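The values are calculated or read from the model by the stated rules, or taken from the named source; none is laboratory data. Please read all numbers here as calculations on a predicted model, not as lab measurements. Neighbour counts are summed over all protein chains in view; Cβ atoms, including those assigned to glycine, are modelled from backbone coordinates with ideal geometry. Ligands, DNA and RNA are excluded from the accessible area calculation, which covers all protein heavy atoms including side chains. Shrake-Rupley method; radii C 1.70, N 1.55, O 1.52, S 1.80 Å.
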Amino acid sequence: MFDIVVSFIGLIILSPAFLTVAILIRIKMRCGPVIFKQQRVGRFGQLFTMYKFRSMVVNHSGSSVSVRGESRITPLGAVLRKYKLDELPELWNVFIGDMSFVGPRPDVPGYADKLVGDDKRILQLRPGITGPASLKYRNEEELLAQQSDPQKYNDEVLFPDKVKINLQYLDNWSFWGDVRYIIETIF
């Protein structure tokens with residue numbers, strides 16, 4: 001109920017920001033849609049469509065991980081990503097129940113297939129806009145930019161650590177803990 005009510009209020013209050021960002025994207029990135037849609041893995045492994053403001057050029061052939069400074073990320077997109085404005089449309093995903101405010105970030109299909117044994121328990125969680133792993137790796141794009149093989153580093157270091165963090169979150173969940181993660185994300 002918290003997610004539905006707060007996301008609805010957020011959608012209304014932030015509607016001027018939505019409009020401003022949409023206009024800027026249309027002006028600065030004329031080709032392609034304003035909203036980027038992508039299939040992500042949700043609760044119980046079910047696919048859903050996640051909505052974000054577009055921050056990359058259309059028709060890039062990049063990897064599934066984003067690295068700060070990549071040529072596929074537009075200058076406006078870099079600003080949107082820095083201030084997390086590209087994620088505002090995810091409030092819609094929260095409102096319709098595909099996501100929660102707090103939980104593991106929803107992965108692209110394929111990563112859920114890498115979960116084995118007890119790790120699959122994180123699929124019990126609704127994916128979130130923020131969470132303990134998101135906060136720990138808030139500078140993930142910069143971290144990946146420092147690696148010689150960002151995809152390998154993501155797959156062998158970041159992904160397993162995020163799974164571990166998300167399992168701890170699942171085992172120790174509390175409403176007030178979620179409130180704390182939301183406040184930490186904002187500030």
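Averaged over all directions, how much area does the convex hull of the C-alpha atoms of the chain cover when projected, in nm²?
Averaging across all directions leaves 10.4 nm² for the Cα convex hull.
Which cross-chain or sequence-distant (5 or more) residues have an amide H under 5 Å from the amide H of PHE36, H modelled 1.01 Å from N in plane?
Sorted by chain and number, the residues that satisfy this are LYS52, PHE53, ARG54.
Taking the Cβ-Cβ separation of VAL57 and ILE4 as r and a Förster radius of 30 Å, what is the calculated FRET efficiency to the nearest 0.05?
It comes out at approximately 0.30.
Between region 1-61 and region 110-187, how many Å separate their Cα centres?
Region 1-61 and region 110-187 have Cα centres spaced 20 Å from each other.
Over the chain, with the other protein chains present, what is the accessible area per residue in square angstrom, probe 1.4 angstrom?
57 Å²
Give me log10 I(q)/I(0) at q = 0.26 Å⁻¹ for region 108-147, Debye formula, one equal scatterer per alpha-carbon, no solvent.
-1.02
Using only the Cα atoms of region 90-186, what are the Rg and Dmax in Å?
13.5, 40
Of all accessible surface on the chain at a 1.4 Å probe, what whole percent is carbon and sulfur?
Percent of accessible area from carbon and sulfur atoms in the chain: 60.
Towards the positive end of the charge dipole of region 34-169, with charges on Cβ (+1 Lys, Arg; -1 Asp, Glu), say which of VAL34, GLY131, SER55 has the farthest Cα.
The one lying farthest along the dipole's positive direction is VAL34.
Taking K and R as +1 and D and E as -1, what net charge do the other residues with C-beta under 15 Å from the C-beta of TRP173 add up to?
Counting the neighbours of TRP173, the net charge comes to +1.
Relative contact order of region 75-187, please, whole-number percent, based on alpha carbon pairs below 8 angstrom and at least 6 residues apart.
28 percent
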